[in-house]
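Structure record follows, encoded as structure tokens.
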Amino acid sequence: MSRVGLVIRLACLALAFAVIWPPHLVVLRVLKRPSGFVPMLFHRIFLWLFSVRVTQTGTPPAPGEPALVLANHVSWLDIIAIGSLRPLSFVAKSEIAGWPVIGHLAVLQRTLFIDRARRGATATVSAAMGHRLAGGELVVLFAEGTTGDGTRLLPFRSSLVSAARAALQAEGERGRVRLQPLAITYPKRNGLPVVRSERAEIAWYGDMELAPHLATFVQGGPIDVHIVWGAPILFEADSDRKVATAAAEAEVRRAIQGIVTGHAGREPAASPAPASDLGTMGGLSAA
């Protein structure tokens, strides 16, 4: 992508932000009501401007059905891709709240921040997640606790899955909560399969600096993201969170391996996410 093309796309994204976010802020701060439509729209505009095509397979939760989504984590782009599909919120480390631009967007997305250095933080965030689940919302937890290179799945952490039990204890719950495994992969770029040597241009992990990574990412061309909604796991009052987490991890691993071997997530079988209807224009970048 040329520098002029990048500037134009960033200007369009900034204009979209200026138009759609102020009403959203009013709804959040003044009316005190959650609204997932504006973040979803903003993510879709980003995907359209920067030539990211999202497809999905599997059966997501029905509209209005609460679910704790347990996903793998590859890149900052995961948030935009998943956020373009449904109204939802995320759980993230507290440091992100202080990042320029990204932190502000995360707050507008109603992200729940967890301070891993503070004792009792897990219980506090679990209670907040449980409240949202009891209210019929989708909450996305990147269960690995960090990003990976996309070639292997890191062990899922079970501590925040206790939010499902908190939801069961909240008023109005009906005895079970849906744990929803979700696998996200980046199978193609410029229409060609992504090879291992190219993963560093997509995945953001370890001690990689964000700015150089974004610069490389912008120059790489259109990218395909594929999301698989795995078989749901019903979490009940007597469910073991470690066993449920292990089952979700196994389901995500199965989905990723199926995509890699070509037995899942094939192009003809993939149903396009709403964002993919917006078309493509070239390039990529931002977080």
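The values are calculated or read from the model by the stated rules, or taken from the named source; none is laboratory data. Everything numeric in this text was worked out from a predicted model, so none of it was measured. Note: ideal-geometry Cβ built from the backbone for every residue, glycine included; neighbour counts use all protein chains shown.
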Inset, instruction - Would you mention how many residues in region 16-42 are on the phi > 0 side of the Ramachandran plot and at pLDDT 90 or above? - result: 0
Inset, instruction - For Thr146, work out the one condition from (1) within 20 Å of Thr245 (Cα to Cα); (2) surrounded by 18 or more Cβ atoms within 10 Å (Cβ to Cβ); (3) of a type in the set (Ser, Thr, Tyr) it doesn't fulfil. - result: (2)
Inset, instruction - Give me a count of the residues in region 237-261 that are among the β-branched types (Val, Ile, Thr), at pLDDT 90 or above and surrounded by fewer than 20 Cβ atoms within 10 Å (Cβ to Cβ). - result: 1
Inset, instruction - Determine the pairs where a residue that is assigned to a helix (DSSP H, G or I), located within region 132-143, has a partner that is surrounded by fewer than 24 Cβ atoms within 10 Å (Cβ to Cβ) and of a type in the set (D, E, K, R) with Cβ atoms under 6 Å apart, the partner being 6 or more residues away or on another chain. - result: Ala134/Glu173
Inset, instruction - Out of the residues in region 190-222 that are among the polar types (S, T, N, Q) and within 20 Å of Ile259 (Cα to Cα), state the one that is surrounded by the most Cβ atoms within 10 Å (Cβ to Cβ). - result: Asn190
Inset, instruction - Scan region 46-78 residue by residue and report those that are of a type in the set (A, V, I, L, M) and in contact (Cβ under 8 Å) with a residue 40 or more places away in the chain. - result: Leu47, Leu49, Val52, Val54, Ala67, Leu68, Val69, Leu70, Ala71, Val74, Leu77
Legend entry - Among residues of region 115-133, those that are surrounded by fewer than 19 Cβ atoms within 10 Å (Cβ to Cβ) and not basic (Lys, Arg), counted: 10
Inset, instruction - Go through Leu70, Leu13, Leu85 for me and flag whichever is at pLDDT 95 or above, closer than 29 Å to Thr146 by Cβ and not hydroxyl-bearing (Ser, Thr, Tyr). - result: Leu70
Inset, instruction - Test Gly221 against the stated conditions and say whether it is part of a loop (DSSP other than H, G, I, E, B), at pLDDT 80 or above and on the phi > 0 side of the Ramachandran plot. - result: yes
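Scan region 169-180 and give yes if some residue there is among the hydrophobic types (A, V, I, L, M, F, W, C), at pLDDT 85 or above, in contact with an Asp or Glu (Cβ under 9 Å, 6 or more places away or on another chain) and over 20 Å from Leu77 (Cα atoms), otherwise no. Explain how you work it out, then say what you get.
Looking only at region 169-180, we keep the residues that are among the hydrophobic types (A, V, I, L, M, F, W, C), and these are 170, 177, 179.
Those still in the list that are at pLDDT 85 or above too: 177, 179.
Next, from what is left, pick out any that are in contact with an Asp or Glu (Cβ under 9 Å, 6 or more places away or on another chain): 177.
Cutting the leftovers down to over 20 Å from Leu77 (Cα atoms) gives us 177.
Looking for residues that are among the hydrophobic types (A, V, I, L, M, F, W, C), at pLDDT 85 or above, in contact with an Asp or Glu (Cβ under 9 Å, 6 or more places away or on another chain) and over 20 Å from Leu77 (Cα atoms), one finds at least one in region 169-180, hence yes.
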